[in-house]
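S.K.: Let me begin by handing over the structure; questions about it come next.
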Amino acid sequence: MARSIVASGIVVLALGGSVGCGRTMEGSADAPGFGDASALGTESGSAALADGGDVTSCLAPIAPPSPLRRLTTFELNNTLRDLFGDASRPANALPPDPISHNGSFIDTDDMSVSAVLTDGYHALFHDLALEITTNEASRRSLTGCDESQVGLDACKRQFIDSFVPKVFRRGLDAADAADFDAVFASGQKLGGDFASGVRAVIEAALQSPEFLYRVELGDVADTTHPARPSPYEMATRLSYFLWGSTPDSALLQAAAKGQLDTREQIALQARRLLADERAHEAVRNDYLLLFGLGNDKLAAIAAPDIAPAFTKTLADLVERQSELFLDDVTWNTGGDFRSLLTAPFTWANGPLASFYGIPGVSGDTFQRVALDPTRRAGILTQPAFLTVTSRNGATDPVTRGLAVLERMLCVEIPPEPPDLTPPVPTDPLPNATMRQRIEQHSKNPICVTCHRDIDPLGFAFEHYDAFGSWRDTDKGQPVDSSGELSRTDAQGTFNDAIDLVQKLGSSHDAQSCFIGHWMSFAYGRQETADDACSRKVLEAAFTKTNGDVRELLVSLTQTDGFLYRSGKE
């Protein structure tokens, strides 16, 4: 597979066409011993995790699909930060990533590259390369040498030999070295100096599919074993799953030394990565996706005409509150699934506390505060979630109930038929509450099938207004937040949101759904039948650790879906 190089003012590697770009990964000299897929044994990675239980159908590893994954906006920002020290999050200017149908993960099946995105990449990487190379200190920090001291050829060689492997997340081969020597020479000729050659290499490498995509060719020992990612590909899987960023030097060295061969070695690296602050950011980002937060959604809701006090500044504080809560409950307070849904505390500063009526908090610094456990418990009763599931300054029980069903219980509700035109209901009372309006609408025979499952879950949150503030009345009438949970092992009646989240926190179905979301985050795709053994053991391990999310992340790196790849792609 040939690499295409275009020299025209700015040297770029062509996007599109065949990925792989001349790579010869299998049996490479700098990855000794990894070619033997039997290093993981004949037993399934999933089965190897099991402590009891029926895994007789999971004795042989199953290689599920492995999609070609393009770096998301979050991953690209983090990668540029870790490669170049650019923390400005410049990739935010690119077109948004496609989100799955229920909004809970990045849909890798729909990450095509448009002309607008290609132009955005070109502009982004050109500006970045120009900024680095026009600053002498930045350029020398990147190249690792002073060309005036060590000579142009020696400095060029040192730069290419160290920079390209970091960008491509793998070892440098002879074809790479020759290609980038040509890129450097072309850039130097066009620009007239050493800095122009460096700039050409930066732009060419960053616009290569090997940077923008997580390319996997895999290693296959023989036909009796399923394919595995190469050691460098495994390093990339680990780092982007747990850090949302490129592998560090320690992980790349482990790949080069054959120290990502066994489950134990992979788990050891996973725990090392989880101990780094970058894991906090990556886990938080996945949670924000899961709960429909992040991406400035709250700031876009700020509506001065509807609620003048809910400004963009306050919206940013509301989002920060949930971020701090998610960090706290994951890394400091047990890290378990139940606490995520039921913890009776949050984080607040003076302005936020003033808006939401939290006593005893002043100043701009956020602090952890206990809440009334009869009113607040966990992420679903926090203002961020309640605000993004409201509409036009009013509560929206349908949206709130649908979010709980789809995101917390993985219940699929079919979309409304495009030709559906139910009659418009009239208000039962001149000052009908939101619940009364929705209940009348849901009596319509066209709507009742879906809404009888959705609406009661949304009614549970009617004590919270459109911006998450507590209220006892709606349209002058007492709020009725009671309902019934169906289609789950935690089915039964509840009085309010606190009752509901307690049920969800103890629900096996909710835990199973939660595991499924993390499988999607780890694998970059929706779950398939090939993941049945992985799921079986993940659920057993999750139960054994009392729902510890951190241990779930390590367990995911031990599953067939993470350790193997289909050789068909």
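The values are calculated or read from the model by the stated rules, or taken from the named source; none is laboratory data. Predicted, not measured: the structure shown is a model, and the values here were computed from it. As a convention, Cβ positions derive from the backbone with ideal geometry for all residues, glycine included, and neighbour counts pool all protein chains shown. What goes into the accessible areas is simple: the full protein's heavy atoms, side chains included, and nothing from ligands, DNA or RNA. Shrake-Rupley method; radii C 1.70, N 1.55, O 1.52, S 1.80 Å.
Residue-wise test of (1) modelled with pLDDT under 95; (2) closer than 30 Å to Val215 by Cα; (3) in a helix (DSSP H, G or I).
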site	(1), (2), (3)
Ala255	no, yes, yes
Gln259	no, yes, no
Ala267	no, yes, yes
His280	no, yes, yes
Phe310	yes, no, no
Thr313	yes, no, yes
Ser322	no, no, yes
Leu340	no, no, yes
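S.K.: A further question on this structure: Among the residues of the stretch 123-153 satisfying the criterion of being out of contact with any helix residue (DSSP H, G or I) (no Cβ under 7 Å at 6 or more places or on another chain) and not in a helix (DSSP H, G or I), which is nearest to Ser196 (Cα to Cα)?
M.R.: Restricting to residues being out of contact with any helix residue (DSSP H, G or I) (no Cβ under 7 Å at 6 or more places or on another chain) and not in a helix (DSSP H, G or I), the top hit is Asn135.
Here is a yes/no grid of residues against (1) charged (D, E, K, R); (2) within 18 Å of Thr557 (Cα to Cα); (3) open to solvent by 10 Å² or more (accessible area, probe 1.4 Å); (4) in contact (Cβ under 8 Å) with a residue 24 or more places away in the chain:
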site	(1), (2), (3), (4)
Glu210	yes, no, no, yes
Val215	no, no, yes, yes
Leu242	no, yes, no, yes
Ala255	no, yes, no, yes
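S.K.: Are any of the residues in the stretch 289-304 touching a helix residue (DSSP H, G or I) at 6+ places or on another chain (Cβ under 7 Å) and exposed (fewer than 15 other Cβ atoms within 10 Å of the Cβ)? Quick ask: steps written out before the conclusion?
M.R.: Taking the stretch 289-304 and keeping what is touching a helix residue (DSSP H, G or I) at 6+ places or on another chain (Cβ under 7 Å), we get 290-294, 297-299, 301-302.
Within this subset, residues satisfying the condition of being exposed (fewer than 15 other Cβ atoms within 10 Å of the Cβ) are none.
No: zero hits.
S.K.: To continue, here is another question. Looking at Lys156, is it in a helix (DSSP H, G or I), within 26 Å of Asp248 (Cα to Cα), of a type outside the set (Val, Ile, Thr) and open to solvent by 50 Å² or more (accessible area, probe 1.4 Å)?
M.R.: Details: in a helix (DSSP H, G or I): yes; within 26 Å of Asp248 (Cα to Cα): yes; of a type outside the set (Val, Ile, Thr): yes; open to solvent by 50 Å² or more (accessible area, probe 1.4 Å): no.
Criteria not met by Lys156.
S.K.: In contact with a Lys or Arg (Cβ under 6 Å, 6 or more places away or on another chain), hydrophobic (A, V, I, L, M, F, W, C) and at pLDDT 90 or above: is that true of Phe494 in this structure?
M.R.: Values: in contact with a Lys or Arg (Cβ under 6 Å, 6 or more places away or on another chain): no; hydrophobic (A, V, I, L, M, F, W, C): yes; at pLDDT 90 or above: yes.
For Phe494, the condition - in contact with a Lys or Arg (Cβ under 6 Å, 6 or more places away or on another chain), hydrophobic (A, V, I, L, M, F, W, C) and at pLDDT 90 or above - is not met.
S.K.: Give me the residue from the stretch 527-544 that is without any contact (Cβ under 8 Å) to a residue 40 or more places away in the chain and either among the acidic types (Asp, Glu) or not in a helix (DSSP H, G or I) (or both) and, out of that set, most open to solvent (accessible area, probe 1.4 Å).
M.R.: Glu527
Each row is one residue, and each column tells you yes or no for (1) over 20 Å from the mean Cα position of the chain (by Cα); (2) open to solvent by less than 20 Å² (accessible area, probe 1.4 Å).
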residue: Ile379; (1), (2): no, yes
residue: Gly393; (1), (2): yes, no
residue: Met408; (1), (2): no, yes
residue: Val411; (1), (2): yes, yes
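S.K.: Please indicate, with yes or no, whether at least one residue in the stretch 469-490 is assigned to a strand (DSSP E or B) and crowded, with 22+ Cβ neighbours inside 10 Å.
M.R.: Residues of the stretch 469-490 assigned to a strand (DSSP E or B): 470, 473-474, 477-478, 483-485.
Narrowing further to those that are crowded, with 22+ Cβ neighbours inside 10 Å: 483, 485.
There is at least one residue in the stretch 469-490 that is assigned to a strand (DSSP E or B) and crowded, with 22+ Cβ neighbours inside 10 Å.
S.K.: Which residues, counting only those in the stretch 69-112, are more than 15 Å from Asn295 (Cβ to Cβ), touching a strand residue (DSSP E or B) at 6+ places or on another chain (Cβ under 8 Å), modelled with pLDDT under 90 and outside any helix (DSSP H, G or I)?
M.R.: Answer for the stretch 69-112, where residues must be more than 15 Å from Asn295 (Cβ to Cβ), touching a strand residue (DSSP E or B) at 6+ places or on another chain (Cβ under 8 Å), modelled with pLDDT under 90 and outside any helix (DSSP H, G or I): just Met111.
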